[in-house]
Ligand SMILES: [Fe+2]
């Protein structure tokens, strides 16, 4: 996959992950509402910032950023369902995090192959952020994690 296509896919998966986290922030219910609402809020805010950065990286590469929801979601494989129970939300977010990591990792490889150190550095920082989200989501599910 070429560099621009890989950044577009990283943006698509990050956007889908962002919306999933934001919708769970809105729709979480149950006795642990407050901590889940806060965790999902922190997650969607981080992802929303990453969406902005990824779209602006496309502009830096000389192409237009997506201008419709269909376009920004093109290629995204993160799926949406009716809001599940809170613990199942965390499971879905962990799966979405893994999908986003795979897309960003591929974009990082393409950036390295293109000699674009600045973009690779940004994508590696995102991989680091996603690793931390993976830890926090897993620790939410499993007290032995
Ligand atoms: Fe909110």
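Rundown of residues vs (1) over 16 Å from residue 103 (Cβ atoms); (2) surrounded by fewer than 23 Cβ atoms within 10 Å (Cβ to Cβ); (3) touching a strand residue (DSSP E or B) at 6+ places or on another chain (Cβ under 9 Å), yes/no style:
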site: 6; (1), (2), (3): no, yes, no
site: 24; (1), (2), (3): yes, no, no
site: 27; (1), (2), (3): yes, yes, no
site: 31; (1), (2), (3): yes, yes, no
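Criterion first (at pLDDT 95 or above, surrounded by 16 or more Cβ atoms within 10 Å (Cβ to Cβ) and under 16 Å from the mean Cα position of the chain (by Cα)) does residue 65 satisfy it? Step through it out loud before you land on a result.
On the way: at pLDDT 95 or above: yes; surrounded by 16 or more Cβ atoms within 10 Å (Cβ to Cβ): yes; under 16 Å from the mean Cα position of the chain (by Cα): no.
No, not satisfied.
Restricting attention to the range 22-52, the residues being within 9 Å of the chain's Cα centre (by Cα) and within 11 Å of the ligand (Cβ to nearest atom) number 1.
Taking the numbered list (1) modelled with pLDDT of 95 or more; (2) loosely packed, with under 13 Cβ neighbours inside 10 Å; (3) under 16 Å from residue 12 (Cα atoms) in turn, residue 79 passes all entries but (1).
Against the definition (in contact (Cβ under 8 Å) with a residue 12 or more places away in the chain, surrounded by fewer than 22 Cβ atoms within 10 Å (Cβ to Cβ) and closer than 18 Å to residue 135 by Cα), how does residue 55 come out, yes or no? Reasoning before the result, please.
Values: in contact (Cβ under 8 Å) with a residue 12 or more places away in the chain: yes; surrounded by fewer than 22 Cβ atoms within 10 Å (Cβ to Cβ): yes; closer than 18 Å to residue 135 by Cα: no.
The answer is no for residue 55.
The values are calculated or read from the model by the stated rules, or taken from the named source; none is laboratory data. The structure displayed is predicted, hence computed values, not measured ones. Cβ: placed from backbone, ideal geometry, glycine included. Neighbour counts: every protein chain shown.
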